[in-house]
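For reference, the structure discussed in these notes is given below.
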Amino acid sequence: MPLKIASWNINSVRLRLPLVQRFLEEYQPDVLCLQETKCPDDQFPLAAFRKLGYGHIEIHGQKGYHGVATISRRPMTLVEKRGFCGIGDCRHVSTSVDFEGKRILLHNFYVPAGGDEPDPEVNAKFRHKLDFLDEMHDVRPAEVADTATVLVGDLNIAPLETDVWSHKQLLNVVSHTPVETDGLNAVRDKGGWVDLVRRHVPPEEKLFTWWSYRAKDWELSDRGRRLDHIWSSANLAPALARVDVLRDARGWERPSDHVPVIAEFG
């Protein structure tokens with residue numbers, strides 16, 4: 001059986017629950033990793049997901065901010081809810097599912113956005129983002145023969161020139177500054193991760209997963225960025241069958257500013 005893993009910054013799971021239900025019904029991923037759920041654990045809409053057949057749910061949430069959740073229709077085990085930078089924000093949960101005799105260790109991340117000023121000396125939010133990236137070096141693929149690792153989430157960085165609508169105009173804009181892109185590339189390369197989205201979609205092609213709410217017509221202006229990522233360990237990359245970025249979801253009613261990204265293995 002194929003394994004389909006999706007990642008989506010939903011920007012409030014309770015507010016956009018109808019969109020998540022629509023997505024699950026239409027695309028039927030085996031596992032959905034949500035970010036920016038903005039929901040404390042005791043108010044997470046568990047029943048709505050269980051009704052759709054997604055009975056395995058692990059959440060790491062807080063009131064009004066941040067939050068991640070991984071929901072699955074396959075048996076799933078909680079591995080860890082890791083803290084970063086000693087702040088107490090809910091930005092990570094890891095779980096495991098089985099696929100073709102392998103244990104898939106799945107990390108779900110929501111990296112800090114970093115504020116507006118790309119200077120860590122004057123912007124504490126940007127300093128936090130860079131420190132968070134430094135700590136992400138501790139999350140690496142498991143070095144065990146029967147285990148593969150996947151890292152997904154809103155990493156809030158567009159690393160390639162083709163991951164933004166204008167490389168030149170965004171070089172000094174948070175999410176595409178050299179210190180951020182170099183930092184994310186170092187996490188990926190030193191950790192031995194494979195960027196599955198760019199393995200499937202050539203790096204020469206522009207590709208976005210986020211469009212600002214500020215745009216009067218997001219589709220016409222198309223000033224997007226690829227902030228949402230799916231990585232894997234090298235031993236799982238050959239099993240990648242396809243990747244889908246659901247651009248149309250940005251046009252759904254009361255949408256998130258991010259769209260789902262799906263990787264299918266099989």
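Values in this text are rule-based calculations from the coordinates and carry no lab data. All values reported here derive from a predicted model rather than from experimental measurement. Backbone-built Cβ (ideal geometry, glycine too); neighbour counts: all protein chains shown.
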Given labels modelled 7 Å from the Cα in the Cβ direction, how far is it in nm from residue 131 to residue 41? 2.4
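Please give the FRET efficiency for residue 1 paired with residue 189, using the beta carbon to beta carbon distance and R0 = 45 Å, rounded to the nearest 0.05.
The computed FRET efficiency comes out at 0.90.
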Of the chain, which part is the longest with no GluC sites (Glu not before Pro) in a loop (DSSP not H, G, I, E, B) and with at most 16 other C-beta atoms within 10 angstrom? 1-99
Expected 222 nm ellipticity per residue - DSSP helices of 4 or more, -39500 (n - 2.57), all of the chain, to 500: -6000 deg cm²/dmol
Tell me, in nm to one decimal, what length is gained between residue 81 and residue 65 on full extension, where the rule is 0.36 nm per residue of separation less the Cα-Cα distance? 4.1 nm
